[in-house]
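The structure appears below as structure tokens.
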Amino acid sequence: MDIQEELVQYAKALPHETRQSILMAFPETKLHKHVKTLFERMEPSYSTAITYGANGHGKDLVIVKKDNIGIDVTAVVVKCWPITEITAGAVDQLKKEITDILKAGASKKFQEVESLVGHALEHPDEVESIFKDLPVNKIMVIVAGEFSPQARKQLVADVPVNLEDVRDIDWLIGKCVEHYPQIFFEQEIIDSLLVQIAQLEAKHWLGGKRRNLSDYYVEILVAKTGVRERAKAREVSVDKPSHLAKLKEIIEEDRRVLLVGDPSSGKSAALVRLAIQMFRDALMDVIRGRENKQPFELPILVSARQILEMGGTGALLGTLVVSPELESRMAITMLMVDALDEVPSSKRQQVLDKAAQFADELNISLLVTSRKIEMLKTPPAGFTKYELLPFEVSQALKLFAKLVEGNKDKLKVLKSGLEKIQFKMPMVPLSLILLFELVEERREIPESVNELYDRFADIAFGRWDKDKGIEVTFELSTEEALLGRLGTYRIAFKRKS
């Protein structure tokens, strides 16, 4: 279940009276903004603008639908007062507003309307002022309050025939639950957290292919330096919050942690996935209504290069862009610094020192990731080093199961193929994903894994990443061990062939 589905479920779980009272409590101008957001979520291809004001001609919002057939302009009138009995004054007020709407711009020809709409779409900042003058061919009235069936019948009978429909509070509640559930909670904080989660979900190698990191991420194995036996490895599962807490507990306990591993072994992904989980935990706290309004514990995730260029903690805190509502309720508890190996070797100690200084000043934990580089063979003072271990077969199969998205035949091919070549390739996420892509292309495990090696080397060693620089790409102390293993895999493969 994704985050939006979870929000919908929590909104459905609220009593109807609670949802109704939340919507009815909004001031009219605030409700207009929420209704605009609701329509944008319901129909993202439509253009919606708030048009209340002196020249709004009675319409609170305007929705424009433009397609190959023509243009539909719907005026929306939002009434926040409760209507249990329609009085003559209430009907007259609505009739006047609707009449004003229908009269406004009635003389405009279709070509003029199309020109106005086109101009508005090209210049979104002018949408509200332009949409005020558009002639309307549909009208919708939303009564966000108590509204009896008799009152509704009387209203529909007494307003002009152009009135398309009258929506009541139950309609508004239902649409908000389905499309805009955060309105029933602390919407500003939730939306800010959702933005951060969405950015992190795309912050990975497959982000350009519209896959979220969580769609294919599987559990990792980390071991304290010197403890390589799998029985002593600390298992951390991102699929189960109780297991994920172990990695967080390691960092909170040791305070200064280095996480090292081979190229493309999943260091950055582990960092990002932990950050996502912390933001998700905060989101759940908002939805469930955390007691005593305790601050939400959030991380800051930056690259080692960013740390190198920062002047102080103010700049560091400025990298986390959130809403004022969230900023007033959050507490930064962890600094995550990714890819120490991607800064020049002469600057790496400076990065570690600055990161540690920032963490001390903010009194927070520090987690730094890096490939296995010379300076980290012995952990720097104050740091505890952990190593990210290669995948086991069970982890590889979990990854394949996520990538095939329920295709049992494809998963069967990958399972049988992995048994044949598991000792001929690095068991890290990148090589497994590349193997999956080769199977996608050829519908079978390739006879030769040379192409897999070539693709792996190009990406893992940054051959096409000009930002990393030649020093990082070809640093022998970083790559020699993995290159040696790749050579071993090749030789073993040739002998068996």
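Data for the structure
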{"read-out": "Out-of-range pairs (alpha-carbon distance over 20 Å; input 33/153; 224/248; 66/138; 224/354; 79/138; 203/347)", "value": "33/153; 224/354; 203/347"}
{"read-out": "Summed residue charge, Cβ within 13 Å of residue 325's Cβ, Lys/Arg positive, Asp/Glu negative", "value": "-2"}
{"read-out": "Ascending count of other beta-carbon atoms within 10 Å, so fewest first, for 60, 215", "value": "215, 60"}
{"read-out": "Residues 362, 94 arranged by fewest to most Cβ contacts within 10 Å", "value": "362, 94"}
{"read-out": "Ranked by how many other beta carbons lie within 10 Å on average, peptides 276-287, 138-149, 323-334 from highest", "value": "276-287, 138-149, 323-334"}
{"read-out": "Residue exposure sequence - 69, 220, 250, 101 - by fewest surrounding Cβ within 10 Å", "value": "69, 250, 101, 220"}
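None of the figures in this text is laboratory data; all of them are computed from the coordinates on show. None of the values given here were measured: they were computed from a predicted structure. Quick reminder, even Gly has a Cβ in these numbers, built from the backbone with ideal geometry, and neighbours come from all protein chains shown.
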